[in-house]
1. Looking at (1) closer than 19 Å to GLN242 by Cβ; (2) within 18 Å of the chain's Cα centre (by Cα), find the lone condition where THR80 falls short.
2. Within the range 97-118, take every residue that is under 20 Å from the mean Cα position of the chain (by Cα) and open to solvent by 70 Å² or more (accessible area, probe 1.4 Å) and give me the one that is farthest from SER43 (Cα to Cα).
3. With within 26 Å of ALA184 (Cα to Cα) and in a strand (DSSP E or B) as the only criterion, which of VAL231, VAL272, VAL268 stands out?
4. Quick check: anything in the range 146-153 without any contact (Cβ under 8 Å) to a residue 12 or more places away in the chain, over 18 Å from PHE20 (Cβ atoms), of a type in the set (S, T, N, Q) and open to solvent by 30 Å² or more (accessible area, probe 1.4 Å)?
5. Test THR42 against the criterion of being under 20 Å from the mean Cα position of the chain (by Cα), polar (S, T, N, Q) and open to solvent by 80 Å² or more (accessible area, probe 1.4 Å), and give yes or no.
6. Within the range 234-249, how many residues turn out to be closer than 25 Å to THR33 by Cβ and assigned to a strand (DSSP E or B)?
7. Just to be sure before I move on: is THR194 among the polar types (S, T, N, Q), in contact with a strand residue (DSSP E or B) (Cβ under 8 Å, 6 or more places away or on another chain) and part of a loop (DSSP other than H, G, I, E, B) in the structure I sent?
8. Going residue by residue through the range 214-224, is there one that turns out to be hydroxyl-bearing (Ser, Thr, Tyr), open to solvent by 50 Å² or more (accessible area, probe 1.4 Å) and not in a strand (DSSP E or B)?
Amino acid sequence: MVKGPGLYTDIGKRARDLLFKDYQNDHKFTITTHTSTGVEITSTGVRKGELYLADISTKLKNKNITSDIKVDTNSSLRTTITVDEPAPGLKAIFSFIFPDQKSGKVELQYLHEYAGISTSIGLTANPIVNFSGVVGNNLIAVGTDLSFDTASGNFTRYNAGLNITHADLIASLTLNDKGDTLNASYYHIVSPLTNTAVGAELSHNFSSNENSLTIGTQHALDPLTHLKARVNNYGLASALIQHDWNPKTRFSLVGEVDTGAIGKSAKVGLAVALKP
């Protein structure tokens, strides 16, 4: 793997994962099995309030080509074909959703020691073209993220970001929503031995003059049990515990309370992932 600045999506990723990843208030069950021919089959069921959703996906890897096909309860068939390293540092991704005839897309990603580039184009007569690029190294990186609609001739997205990495901390600054939102995030490793870290994200919206702040932490009680907690300036506090019963089974429990309205019932999310 090439060491470098990574892709634009890597800017601020460690802080986002700490503060937002795996925090879900739904009930989710996932089971993954493997056939004798090497096909990975994953079935997922999710309860969102009174709504039940499900999907089943199959993944097959042959040398450097990975095929992933997913069918969900909305009768959508999502197909993704990924080709790793057709050339050094390059990845090609082809995806489409049936029956949406306008969903086809081709994406190319390129990682270099001092740059990371991702570009995609829709497979339509008037496609949307996406481009993101980062220059720098594994210590400091600056990049931009653009989306251009060839039908209207307008840019539908333009963002910019800065990422600074030290031995035990990562600081990021991004300008999103066409320059209307400024995000600053911070991720600090307190103890690598116990996977203890703290993080924060501050967001300011210029048009509404509103600010939002989320702070959080994570800690490993032991190699099999991980804890996370977060709170934001709106008074919403969440906690997450993940426990691996064995290398193939993970149990996750999430709770969220509104500290400004203690009388309200807490939201509870549950996720179980099995890999027999």
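The values are calculated or read from the model by the stated rules, or taken from the named source; none is laboratory data. On a predicted model such as this, the values are computed, not experimentally measured, just so you know. Here Cβ is always computed from backbone atoms with ideal geometry, including for glycine, and neighbour counts include all displayed protein chains. When the accessible area is computed, the model is the full protein with side chains, heavy atoms only, and any ligands, DNA or RNA have been set aside. Shrake-Rupley method; radii C 1.70, N 1.55, O 1.52, S 1.80 Å.
1. Unmet for THR80, out of (1) closer than 19 Å to GLN242 by Cβ; (2) within 18 Å of the chain's Cα centre (by Cα): (1).
2. TYR110
3. VAL231
4. yes
5. Against the criterion (under 20 Å from the mean Cα position of the chain (by Cα), polar (S, T, N, Q) and open to solvent by 80 Å² or more (accessible area, probe 1.4 Å)), THR42 does not qualify.
6. Count: 6.
7. It is true that THR194 is among the polar types (S, T, N, Q), in contact with a strand residue (DSSP E or B) (Cβ under 8 Å, 6 or more places away or on another chain) and part of a loop (DSSP other than H, G, I, E, B).
8. No, there is no match, as no residue in the range 214-224 is hydroxyl-bearing (Ser, Thr, Tyr), open to solvent by 50 Å² or more (accessible area, probe 1.4 Å) and not in a strand (DSSP E or B).
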